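Engineer: Below is a structure I'd like to ask you about.
Any read-out appearing in this document is the output of simple, stated calculations on the displayed coordinates, not a laboratory observation. Just so it is clear, the model here is predicted, and its values are computed rather than measured. We place every Cβ from the backbone using ideal geometry, glycine too, and count neighbours over all the protein chains shown.
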Ligand code: ADP
């Protein structure tokens, strides 16, 4: 029985956009519909591996009717039940549509960028309305008794759903073309679009060609439009740039056709496989939205598609890589569940990982500019490997980069470059972790290193603090945080010891005054100009990470801090003088202001900013 149903608001907005403002690259509607058809066949074919009765001659058919002005795309894939039609194209259940609209709003995306973004958000089906004034779907679910279903919409407020006739399982999409889209009725046009975007689809895409004979009769011949050549099996020298680009955009849905590098792999011998991997140039919009993001490489077995989310083929920290692996050693009916622990897959993963890292190294050495772009996008993901990939950690250390005290803002150096630039007398690799460069730049604990001419790495990704817990050495030099643990400097040892004795009353007074907030007050030679700075214990979390965890409502042990004083600063001498003269109140006031300053210079928020502001105002009044 025919039913009319309203589209959800988001879908309606999206349709309006598709219908009224997108004309720049309309061709992609065909790519999207063909991709859906191929996905549907993939699914049916996988089911047929366990249920041979469902096996059939897989194909996609495109037909143009010049009289009715319709373009029809049919597949004999998995099909949909009525509920699936409602869920998948009526409601568009996935968060996709909303996320897509939100992105357009935020980014103020212009018409010409939108078609490339459609695929990323799982809203490809709707692109049909770019070319059609009415879309009809007739579908029958494979391997089920459910009756065929018809769905129809003009892309406005609602859609109609009804029973339908269809014998063979699969889906037919009938587009009633808009007047200005009638060009899509021409064989040459459809054929050139298919060759451009869908050539590698591994099922034949067939379009009948009608030729008029001399005696005015017509001959209809089926023409296969795509070469179905698996691009990853071809020699790299035979693949054109355009072919790479269109394959990449098909694979990755990664926002555009731009990638940094295509990597062909061909392993022979015991473990035979071929792979084509891409290093992307840009993170996709949904890179950080795990619910939409597809992870893992595509897995084929002897050119037959198995899954497009084989996570076991890549370690997590290389999740920005996309591509295809085609193995000759796995059985065709390999179940997707067992892939996770399969030894063949594990071996491929090992080879792929090692190759990707070596390609990154090459890129770093030969094309620094592009590597910088890459690293700005994916560096923090890559760095996870320093903590998780025990086998490759040494190689990963060669390709990670950081800003440093001596580098210009935004310029990254490698650990190798840091070590090469170390002057005589420096043996350790110094670093500090923090929220952002600006707050690190003002940290008083840098002063000693600045005076020595020793560089300090600035680590500003939240992950760095965690990663550094397992980074012991690089080229035999120990890593040392300049904001954690003890400070060692032979030259100033005596002076620091003497200050500790001389000012013993002062340090215990400050400790008493600031009480709970501190674990210890002591002297060190970290500073040359500032009176004091804050340090955390050797194995404690950095303060910005502690705040991050708290913001995420996670339990963290509250780490108490160490206040270090500069023995050479005149404020220390003056405070001591005040204390000795019995001016306790003044000395306590001074200790509190100092502590707040130390918090500010390490980039931490103050507990009582208003109180601090008042103290500074009082000081100003007194000073004038
Ligand atoms: P995506 O393909 O990215 O999920 P689409 O908007 O293109 O987004 O399609 C939405 C959903 O509709 C698909 O995920 C699929 O479940 C269903 N679908 C679309 N086309 C077909 C088809 N030809 N056969 C079976 N299901 C389809």
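Engineer: Quick one: if you stick a label point 7 Å off each Cα along the C-beta vector at residue 581 and residue 494, how many nm between them?
Structural biologist: Going by the 7 Å Cα→Cβ label model, 3.2 nm.
Engineer: Mind pulling the angle between the C-alpha long axis of helix 493-502 and the longest principal axis of the chain? Nearest 10 degrees, somewhere in 0 to 90.
Structural biologist: In the chain, helix 493-502 runs at an angle near 60 degrees to the longest axis.
Engineer: Could you compute the FRET efficiency for residue 556 and residue 304, with r as their C-beta to C-beta distance and R0 at 45 Å, rounded to 0.05?
Structural biologist: The value I calculate is 0.35.
Engineer: At 0.36 nm per residue, and after removing the present C-alpha to C-alpha distance, how many nm does the segment from residue 519 to residue 16 gain when stretched out fully?
Structural biologist: That works out to 174.8 nm of additional length.
Engineer: Could you give the distance between the Cα centres of region 413-478 and region 146-222, to the whole Å?
Structural biologist: 61
Engineer: How far apart, in nanometres, would the label points at residue 505 and residue 271 be if each is projected 7 angstrom from Cα along the Cα-to-Cβ direction?
Structural biologist: 7.2
Engineer: Separate question: What is the distance in Å between the Cα centroid of region 344-383 and that of region 1-80?
Structural biologist: 36
Engineer: Measuring from label point to label point, each 7 Å out along Cα→Cβ, what is the residue 539 to residue 160 span in nm?
Structural biologist: Each label point lies 7 Å from its Cα, and together they span 7.2 nm.
Engineer: While we're on this one: Would you list 179, 546, 365 from fewest to most Cβ contacts within 10 Å?
Structural biologist: Placing the least packed residue first, the sequence is 179, 365, 546.
Engineer: Okay, next question. Rounded to the nearest 0.05, what FRET efficiency do residue 338 and residue 55 have when you use their Cβ-Cβ distance and R0 = 30 Å?
Structural biologist: After rounding, the FRET efficiency stands at 0.85.
Engineer: Further question on the same structure: Gain in length, residue 368 to residue 486, computed as 0.36 nm per residue apart minus the alpha-carbon separation, to one decimal in nm?
Structural biologist: Full-extension gain reported as 38.8 nm.
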